[in-house]
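**Q** This is the structure I want to talk about, given as structure tokens.
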Amino acid sequence: MSEDRPSILDCKATIHGDGECTDADLAIAAFTLMENLENDATINVDDGLALLNHPGVIAEVGARILYVRTGRDGLGWDIAGENGLPFCTDKSDWLSYLGRNE
């Protein structure tokens with residue numbers, strides 16, 4: 001990881017924190033987690049769920065983490081829509097899915 005990027009632990013603290021961070025800090029943390037997802041098993045479903053609490057691209061990053069970690073709908077790293085399936089960023093939908101599949 002480059003020196004100008006926060007550590008995975010710092011990123012987790014940012015996304016699970018009490019909301020006292022800037023949108024830019026949150027975006028950097030979210031994308032850093034997503035970029036390291038394949039090589040760091042500590043990035044987990046709870047991290048993806050935490051990102052769904054934020055609108056827009058932050059929630060989309062959270063959903064991508066969830067799709068990769070759960071294998072839901074076979075999307076993984078695929079782009080949503082290519083296989084006709086919607087790209088879900090709704091937290092209640094994810095909680096329901098996780099409850100049925102864990």
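The values are calculated or read from the model by the stated rules, or taken from the named source; none is laboratory data. Nothing here was measured: the structure is a model prediction, and the numbers come from that model. No Cβ is skipped: glycine too gets one built from the backbone with ideal geometry, and neighbour counts run over all protein chains shown. SASA here: full protein model, heavy atoms, side chains in, ligands and nucleic acids out. Shrake-Rupley method; radii C 1.70, N 1.55, O 1.52, S 1.80 Å.
**Q** Apply 1/(1 + (r/R0)^6) to the Cβ-Cβ distance of Leu9 and Asn101, taking R0 = 25 Å, and write down the FRET efficiency to the nearest 0.05.
**A** Numbers: r = 28 Å, r/R0 = 1.12.
Between Leu9 and Asn101 the formula returns 0.35.
**Q** Per-residue HN-Hα couplings for region 22-32, Karplus 6.51 cos²θ - 1.76 cosθ + 1.60 at θ = phi - 60°, whole Hz, x for Gly and Pro?
**A** Here the 3J(HN,Hα) series is 7, 4, 5, 4, 5, 5, 4, 4, 4, 5, 5 Hz.
**Q** Related question: Over the heavy atoms of Ile15, what accessible area does a 1.4 Å probe trace out, to the nearest 10 Å²?
**A** 10
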